[in-house]
Every structure is written in C-alpha cells, then in structure tokens.
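Have a look at the structure below before the remarks.
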Amino acid sequence: MGLKLKDLGERKIIDRIFLSSGIKQEKDDCAVIKLKGQNILISTDSVSLPTHFFPEVTPETMGSFLAAINLSDIAAMAGEPDSFLLSLQVPDDYQYSFLEEFVSGLTRILRSYKTRLDGGDTKEGTYFEATGFVMGYQKPKRTLYRSRIRKNQVLCTTNKMGKAASGYIFYRSSYRKELALKLMYDIRPRIKEASLIAEYGGKFMMDLSDGLYSSIGQMKKDYGIGLRIVEDELPPDSHVKKAADLSGATPADVMCRFGGDYELLFTIDNSDYRDFKDAMESNKVQVSYIGDTWEGENMMFDGDKWHIIDDPGYEHFSPKPKLGRIE
Ligand SMILES: Nc1ncnc2c1ncn2[C@@H]1O[C@H](COP(=O)(O)OP(=O)(O)OP(=O)(O)O)[C@@H](O)[C@H]1O
Ligand SMILES: Cc1ncc(C[n+]2csc(CCOP(=O)(O)O)c2C)c(N)n1
Ligand SMILES: [Mg+2]
C-alpha cells in the first residue's frame, strides 16, 4: 500500500513538496518577490465546507472570514495589502444569492483594509470551496521574516488567545451558538499593529492561524530555535475560562492547541524591550510578553515546573486536536 496523505499530515506533506519541487522561497506566511527595491508579498489561503464552516455560518461571514485570513498573512510579515483575487468552486444548485452575499462579506473586509478585488475564477464543484490570493508590499528592512528569529529574544503576542477555540467548544457544547460563531469567524487581520511592531523593532513574526503549539513546533523544526513560554503570561480571551469548564481542557490548551485566532506571534530584542513597550502603549497596541527564545526545546512553565511541549496543534490531514472532551 502506498503512503497516504493522512499518514503524513500537512507539515510533512509541505516539507516533501518543498524538497521535491526545489522551491527557493523560505517557508513563511507570504512568498516574497523582490521588485525595484520593494518586497512584493503574495499569499493564498482557501476555505471549504466542512473543514472551516459549521452549517449555520452565513455566506456573508464566509466571505469576510476568507478576506480576513488572507489579509492576516500579509500582516504576519508586516506588509501593506493592496490587491486580492477570488477563486470559487460552487455546486451548480446553489442559489445565486449565496454568492452575492459571500462577495459582499468579502468586499466589506477588503474595503476596510484598502484592498481591491482585482479578479478571480469561477466554476462548478462538488463542494463549496473558495480561495483567496492576496498581494501586498513592504520595504525590505521592515519585512518581518520568520528567519529573523534568534536565541535570546523576547517572545510576544498581540491581544488575547483562545477566542476561536472557545467558540468551537461553545458551538460543540450547544452553548450560546450565535456567540460561538462570532468568536470563531469574526477575525481581525492585525495589519496596523504589525506595521507598528515592525517600526519599533519587531524581529521575527508569523500569524497564529494554527495555534501557538503548532507555530512553536514549526519554528523549532525550521530554525532550530526553541521558545520558552510562561503559562501565567499567556493572555486568555474572556471566554477561555468558561470554555475550559465546559470541555475539561486546560486553559493553556484552549489558548494554544486549536488555532484560529490570527493574532501575531513575534520577537523583539531584549535591548529594545523598554522603548518597544512604551511605543505599543502609546499607540494602543495590546501586547503580551509571554516568554523568550533559546537554543533548547520548546517549553512551558506552569508556575512550578518547566514542561517540554511537543503538541502538534492544528494540522490538516491529521485528527483534529482534542480539547478535553471535545473532538
Ligand atoms: N501546496 C503547496 N505548494 C507549495 N508551497 C506550499 C504549499 N502549501 C503550503 N506551502 C508553503 O508552505 C509554507 C507553510 O504553509 P501554511 O499554509 O502553513 O502557511 P501559514 O501562513 O503558516 O498558514 P496559514 O495559511 O494558515 O496562515 C508557506 O510558505 C506556504 O507558501
Ligand atoms: C467547522 C470548523 N471546524 C474547525 C475549525 C477550526 N479550524 C479549521 S482550519 C484551522 C486552522 C487554520 O486553517 P488553515 O490552515 O486552513 O488556514 C482551524 C483552527 C473551523 N474553523 N470550522
Ligand atoms: Mg499565516
């Protein structure tokens, strides 16, 4: 029997594609094309039923979500978004109004981030699937590549963690389903925050699409740098406690295992810490300082002991991460 995709998982599949195709790009949130002294940033992200949406999600929300998660990859490298393409595969018995509402949600978010819809592709398919392609730009010295990670940097995140996982737990527990969907799908790409982070000394950055456990696993594997996280410094979303109670998962697992928050994970140099903190406070960017980088393993301090973290987090083609009793 040949090797199946589900035996490999998303990360190993991507590694194999990189090796076999000889891709020269670094693995990052965007591919970077150097053009006339600027970096052009391009990225693509797709959504489909049932991987990304519960049945009650409106087409308008599906559209706004697709725009937001694509823009988040531009934010992850501190870019300014500019142009968007939309490819659709839709079963032929869908109502036209479905697409009208989908595009209206998509363009509402694109407009608020000054990004044009410039084209796309439309055809019939077995399931609904939509792919975004986003293009942005940034000056080379302000582009925050993953490869800028070094040991002895301060590790930071924006805003709160565990919002989407809380929504997922709420939905699966039939607890406040309308709120649950808002927590999962009302995503803010952190474009403005990202460019301020780059301006005031950000070093490495990525978005937390697949959750903190997945991100730190990828950074250790790709760059050999470990991240040490202090659990008490993780900033829980206001719904995490209830989600932990409902599911039996620990608050740390609700915050780190599931993903879907699209907050930024980044580092700054120790020597920049004071000025950086002042700049974020005066610009009203919420940042938490959750640990540091080192040459060892990924670890979490639970207030008593350090534990090695080897949790894969969210990974396509693999079983969904368990959150307590919720699968
Ligand atoms: N089929 C593929 N062919 C070539 N490169 C790929 C393919 N799938 C993913 N990659 C590349 O692998 C890297 C990791 O992809 P991934 O989708 O995890 O990006 P991400 O930004 O970490 O996640 P997300 O898209 O959820 O924000 C990226 O550099 C991406 O361009
Ligand atoms: C019905 C339903 N079940 C689970 C999830 C959660 N989810 C799906 S993909 C993903 C990781 C990032 O995606 P990608 O790597 O595709 O960008 C997450 C957190 C959801 N949104 N809807
Ligand atoms: Mg990303």
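Mind checking which residues of segment 231-250 are touching a residue at least 60 places away in the same chain (Cβ under 8 Å), assigned to a helix (DSSP H, G or I) and in contact with a strand residue (DSSP E or B) (Cβ under 6 Å, 6 or more places away or on another chain)?
Answer for segment 231-250, where residues must be touching a residue at least 60 places away in the same chain (Cβ under 8 Å), assigned to a helix (DSSP H, G or I) and in contact with a strand residue (DSSP E or B) (Cβ under 6 Å, 6 or more places away or on another chain): 231, 247.
Condition first: of a type in the set (Ser, Thr, Tyr), at pLDDT 95 or above and within 21 Å of the chain's Cα centre (by Cα). Can you find one or more residues in segment 154-162 that meet it?
yes
Does residue 180 qualify as being without any contact (Cβ under 8 Å) to a residue 60 or more places away in the chain, crowded, with 22+ Cβ neighbours inside 10 Å and more than 20 Å from residue 288 (Cα to Cα)?
Yes: the conditions hold for residue 180.
From 208, 234, grab the single residue that is more than 16 Å from ligand 3 (Cβ to nearest atom), under 19 Å from the mean Cα position of the chain (by Cα) and not small (Gly, Ala, Ser).
Sole residue among the options that is more than 16 Å from ligand 3 (Cβ to nearest atom), under 19 Å from the mean Cα position of the chain (by Cα) and not small (Gly, Ala, Ser): 234.
Quickly run through segment 14-53 and pick out the residues that are polar (S, T, N, Q), within 15 Å of ligand 1 (Cβ to nearest atom) and either surrounded by 19 or more Cβ atoms within 10 Å (Cβ to Cβ) or outside any helix (DSSP H, G or I) (or both).
25, 39, 43, 44, 46, 48, 51, listed by residue number.
Consider segment 69-78. How many of its residues are open to solvent by less than 10 Å² (accessible area, probe 1.4 Å) and either within 11 Å of ligand 2 (Cβ to nearest atom) or not aliphatic (A, V, I, L, M) (or both)?
Looking only at that region, the number is 3.
Go through (1) modelled with pLDDT of 95 or more; (2) more than 16 Å from ligand 3 (Cβ to nearest atom); (3) not acidic (Asp, Glu) one by one and return the number of the condition residue 22 breaks.
(1)
From the list 56, 101, pick out the single residue that is at pLDDT 95 or above, more than 28 Å from residue 317 (Cβ to Cβ) and not in a strand (DSSP E or B).
101
Going through segment 293-321 one residue at a time, which ones are farther than 14 Å from residue 214 by Cβ and in contact (Cβ under 8 Å) with a residue 60 or more places away in the chain?
Result: 293, 294, 295, 296, 297, 299, 300, 301, 302, 303, 306.
The values are calculated or read from the model by the stated rules, or taken from the named source; none is laboratory data. As the structure is a prediction and not an experimental result, all values here were calculated from the model. Positions of Cβ are generated from backbone atoms using ideal geometry, with glycine treated the same way; all protein chains shown enter the neighbour counts. Ligands, DNA and RNA are excluded from the accessible area calculation, which covers all protein heavy atoms including side chains. Shrake-Rupley method; radii C 1.70, N 1.55, O 1.52, S 1.80 Å.
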